[in-house]
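The next block holds one structure in the form of structure tokens; read it before the comments.
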Amino acid sequence: MDLSQDKLKVTLFSFGFKHGHPEAEMIWDVRFLPNPYWVDELKEYTGKEKNVSDYVLQNSSGQKFLELLRPLLEFLLKQHKEAKKQQVRLGIGCTGGKHRSVAVVENIHDFLSKNMNIELTTFHRDIEKE
């Protein structure tokens, strides 16, 4: 018996609103978080780098957002599993899809990997776009 068929397939991805809205069951807009684009020494990096991720998430807004989002995701994914859904697409968007949304997706990926029994796929749709 293939146990992977019993796991909810979750696709978690970042995107930039300026590059179009994606198809997803749930989308979170993180444009309220501090934007590294406006910081010269961070602009050229992505949300995968610690200095950018820290800038985005290590503040009161970032910390509170993650504090609220994590239990919400646990609840929603369990509900989807109980409803016999096979897959869920979760999008996190910022303006360009390079800094804030990437930092949040990387953080949430780590959280879900450690705390949920799901089949998790993560990608960054617009990270290479200008």
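Nothing in this text is a laboratory measurement; each read-out follows from the coordinates by a stated rule. As the structure is a computational prediction, the values presented were derived from the model and not from experiment. Heads up, the Cβs are rebuilt from the backbone with ideal geometry, glycines too, and the neighbour counts pull from every protein chain shown.
For a straight C-alpha distance cut-off of 19 angstrom, the lysines reachable from Lys43 (same-chain residues fewer than eight places away being disregarded) are Lys18, Lys98, Lys129. Helical content of the chain, expressed as a calculated mean residue ellipticity at 222 nm, amounts to -12500 deg cm²/dmol (DSSP H runs of 4 or more residues, -39,500 (n - 2.57) each, divided by residue number, nearest 500).
Can you tell me which of 60-67, 49-56 comes out highest on packing, and rank the rest after it, using the mean Cβ neighbours within 10 Å?
Numbers: 60-67: 13.1, 49-56: 18.9.
Ranking the peptides 60-67, 49-56 by packing returns 49-56, 60-67.
Between the residues Val30, Leu68, Gln58, the greatest Cα displacement towards the positive end of the dipole of the stretch 27-130, with unit charges on the Cβ of Lys, Arg, Asp and Glu, is found for Leu68.
Computed from Cα atoms, the angle from the helix 100-115 axis to the main principal axis of the chain rounds to 30 degrees.
Proximity of backbone amide H atoms, modeled 1.01 Å from N, is registered between Ile92 and Phe13, Ser14, Phe15, Trp28 at under 5 Å, excluding neighbours fewer than 5 places apart on the same chain.
Can you list the lysines whose alpha carbon sits under 16 Å from that of Lys7, skipping same-chain ones fewer than 8 residues off? Straight-line reach from Lys7, under 16 Å: Lys78, Lys81, Lys84, Lys85, Lys114.
By how many nm would the segment from Glu128 to Tyr37 grow when fully extended, if each residue of separation counts as 0.36 nm and the alpha-carbon distance is taken off? Length gained between Glu128 and Tyr37: 31.4 nm.
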